[in-house]
Every structure is written in structure tokens, then in C-alpha cells.
Amino acid sequence: MSIGKLIFNFLIYPGFIFVLLVGGIASFLERKITARIQWRVGPPFLQPFYDLLKLFFVKETVIPEGVNIPFFILVPVIAFSSAVLTSVLITNIFIKSFQGFTADLIVIVYLFTIPSLCVIFAGAVSKNPLSSLGSSREMKLILSYELVFWTSLSIVIIKTGGKITLRDILTFQENSKPIVFSLSGFIAFILSLIVMQAKLGKVPFDISEAEQELIAGPYIEYSGALLGFFKVTHYILLFSLPAFISVLFLGGLNIFKYLLLLIFIIVFENTNPRLKITQAIRFFWFYLFPLGIIGIILAVKGL
Amino acid sequence: MNKLKILTKSIWVFHFASGPCNNCDIEILDILTPRFDVERFGIKLVGSIKHADCLLITGMLTRKGVVRLKEIYEMAPKPIAVVCFGSCASSQGIFKNSYNRAVPVDEVIPVSAYIPGCPPRPEAIIDGIVKVVKKLRGEI
């Protein structure tokens, strides 16, 4: 296989450009469906791309006084690059000649935490009381959902007989049936749907952003292109997280499975109020984690 | 292509309240509701001045407000449009002779548009938005 094709796969299709376009369209769908639920008309189709163009090419970037400037600039870039890398790793398993590498499940899960960590750093480096509060809340949120996420992933690993390569999990599901069609798999699927909502920072768990109390949370001091990097990260995660869940539980990725998960995210977002951080931790640790343990026991029993 | 044309496709509004009577604030919320939904034009309210493209001022500028307004304008990433919303912000209204009035807004920072009215009707607000957009595009 030629290097040129590899670069094409990583940068254009199904890599960076493709993921960015799909993420932008997903963001448009999110805003449009939210608007329709509230009986409004909603934004035009290209709105997410207009926002990005504006942030990257028109607006000035203001750097607050007294911050660590290299760190302040690097944080959104790192969040963006790790989000791109994650989505490229997920989409490239569908390419015949590449098909991922050994134990890429673990790598992907760790890469998914980097954007959240960057949100924490962004809040901490901004020198703003509201953003520090936001980053402290994000920290607690990560502590609460990561446990449940690993629990639900371990159910998948037990069901597939100890496979930690994404391609192997996919092949296993193609040979038998998707993991969601068993009792323990269904429990794991529900858990990871809720974790997905928390990782995306959507409404029941948008505790760190919390527009009404913290204004914009960790992003409050970011402007111009740096805010644009956070926006792009968000768009890409809106594609890559549902894609990851779909590969793990629904046995592959196609447009219907992706839209199903996306619409679930949007409806879940629009029908729930924001939790307090204590409620979120209690919800994850004392309700979902025991459910996950039950799921693991069922998976070991073979259900 | 004029860069400001892209800006007019997604205007994020920051709302600065300098002692308004809440009448104008409620009218601002009015144009976000289903009947007049301005998200059609990509306009949305943001909470931080660092994200804003439009600074919307309601209420007569008070002595305490004028310091903050100047600070906020200097913090904002340029280009930014400034809109005076309501009679009080535009011309100090009935508080012209009040003890705590400061100078009018346009003596502190450059103003792009005035939307008079007490409070302005939603139609007037949308007309004001159209004028701001046209001004940013350089059509008027």
C-alpha cells in the first residue's frame, strides 16, 4: 500500500476532513431538532461552518493578562488533535488495508479522555473564578463517569472472550449477533449511552459549562481561533463517540445506526434538566456502577 | 470577499445591562422565542464578552455602569458591533436629569446602531438587526 493512499485515508476520507464535515452536519442537526422541539425554525444548514469560519478568520484572539501564554494556546490545539486522532482510529478500521492495530480499544478510550482533560486545563489556566469552578466540576464529572465507562467496556470484552482490538470485536459481532442483543450487552449499552452524554457535556451533564450559572465555564476566557478549536473538537466528538458506541454494541457503523444514536443524544438533551454535580456523582457511582457490576456478573454467566 | 460578510452570518450577542428596568431585557428574550426566532439568522445570546460579536446595551448608563462598559468594550475581540437598545440607552430617556446618570453611550464607545422605543417592539428589533448587518457588510 502506498504512502499517498495512507495519507489520503488519514487526512481526507475517512479521516480528518470527512469527520469534520459529518461533525458539522451533526451539530446542525442538533441545533435544528432542538429548535423544532421548541417550536422554532432553527438555524440554516451551513450555520456550524459559518460559526467556524467566523471564529477562525474574522475574530481577533484575546489573551487575558497574566496567563501562561504557551499553555493557554496549546490546550485547545491538543484537545483538537487528540479528537481528530481518535476519530481517525475509529473510522480507519473499516479500510481493508489498514484495519486498526492490536489493542486499539484501550488507546481509543484513553484518547477520549484527553479533550476532557484539556477542558480542565483550559479552566485552570484562564485565571477566572468561574472557569476554575467549571474545571473543578469537570474533574469531578470525569471521576464519576470513567468508572462506569470502563465497567461497560469490560462487559464487551468479557462477551467477546477477551478481545481488545476493535476489528476483532467487529468480526465477532458479524459472526454471531450484535452485543446489544443480550441481557448484559443491553445493560452495557445503556450505561455507555449515558456516559456518552456526559462525555459530550450535553444537558443533563453540562455541569461544567452551565450557561446559566457559570456563563461558559472553562471556555469563558477563550476567543477567536482558540475558541474555534474547542468548537471543532466538540463537532468531531459528536461524530466519534456515537461511532465508537455503534461499533462496540451495534455491530458496525452505518448512517442509520449513527442517526439513531445522534437523535437519542438530542432528545435526551432536550427533555432533561441539568443535574447538580453531587447528584451526577451519586447517579453514576451509586446507581449505574452497581448496575454495571450486575452486568459483569451476567456476562460471566454467559447471558 | 469582505471578511465581515461571514461575521454577519453568525452574530453572537452579549447583553450588557446598565440599570435597565427589565422591560428591554424581556423584549430581547422575546425575539428568541418561537414567534420571532432569530436563530434563523445564526444569532444567539452568549454569556461571555470574549465570545461576542455584538454588544447590546440596555438601560441608561449609570456612573457605575460607565466604567464597566468601557472595560468590557476593551476586552472584547474586535470587530464588534455596539447596539444601544431602548430609549434609555439611546438618549438617556426619562432619566436625563437623574442624579446618577453618566454620559450618553456614544460619548464613551463608538455605537453602530440605535434601536429606540420603550421598550422597542420585536419588529423594530429585527429591523435594527437588519441595519447592523447591512452596516457590517458595507451596504449603508
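Please list, or write none, the lysines whose alpha carbon is within less than 18 Å of the alpha carbon of A:Lys177, excluding same-chain residues fewer than 8 places away.
Hits, sequence-local ones excluded: A:Lys159, A:Lys163, A:Lys257, A:Lys301.
Of the residues A:Gln173, A:Gln197, A:Gln279, which exhibits the maximal mean-square fluctuation in a Gaussian network model of chain A defined by a 10 Å Cα contact cut-off?
Ranking A:Gln173, A:Gln197, A:Gln279 by mean-square fluctuation puts A:Gln279 first.
Give me Rg/Rg_expected for region A:3-301, where Rg uses Cα atoms only and Rg_expected = 2.2 N^0.38 Å with N residues.
That works out to 0.99 for region A:3-301.
Quick one: which of A:Lys54/A:Lys231; A:Lys54/B:Lys5; A:Lys202/B:Lys44; A:Lys54/A:Lys199; A:Lys54/B:Lys3; B:Lys5/B:Lys78 span more than 20 angstrom between C-alpha atoms?
A:Lys54/A:Lys199
Using only the Cα atoms of region B:3-137, what semi-axes does the equivalent ellipsoid have when each is the square root of 5 times a gyration tensor eigenvalue? Give whole Å, largest first.
23, 17, 12
Report, to two decimal places, the Cα Rg of region A:7-123 normalised by 2.2 N^0.38 Å (N = number of residues).
For region A:7-123, the normalised Cα radius of gyration comes out at 1.29.
With the dipole of the protein assembly as shown worked out from charges on the C-beta (+1 for Lys and Arg, -1 for Asp and Glu) around the Cα centre, which of A:Ser240, B:Leu7, B:Cys24 lies farthest toward the positive end?
Working it through, the farthest residue towards the positive pole turns out to be A:Ser240.
List, in order, the whole-Hz ³J(HN,Hα) value for each residue of region A:145-157 obtained from phi through the Karplus relation with A = 6.51, B = -1.76, C = 1.60 and θ = phi - 60°; use x for Gly and Pro.
Here the 3J(HN,Hα) series is 8, 4, 4, 5, 5, 5, 4, 5, 5, 5, 4, 4, 5 Hz.
Pairing the Cα long axis of helix B:122-137 with the longest principal axis of chain B, what angle in degrees results, from 0 to 90 and rounded to the nearest 10?
It works out to around 60 degrees.
Rounded to the nearest 20 Debye, what is the dipole magnitude of region B:9-140 about its Cα centre when Lys and Arg each give +1 and Asp and Glu each give -1 at the C-beta?
Charge dipole, region B:9-140, about its Cα centre: 220 debye, nearest 20.
In terms of Cα to Cα distance under 13 Å, which aspartates and glutamates are near enough to A:Lys276, apart from those fewer than 8 places away along the same chain?
Answer for A:Lys276, where 13 Å is the Cα cut-off: A:Glu138, A:Asp206, A:Glu209, A:Glu213, listed by chain and number.
Quick note: the coordinates plus some simple rules give every number you see, no bench work behind them. Small disclaimer: the values here were computed from a predicted structure and weren't measured. In this analysis, Cβ positions are derived from the backbone assuming ideal geometry, glycine residues included, and neighbour counts consider all displayed protein chains.
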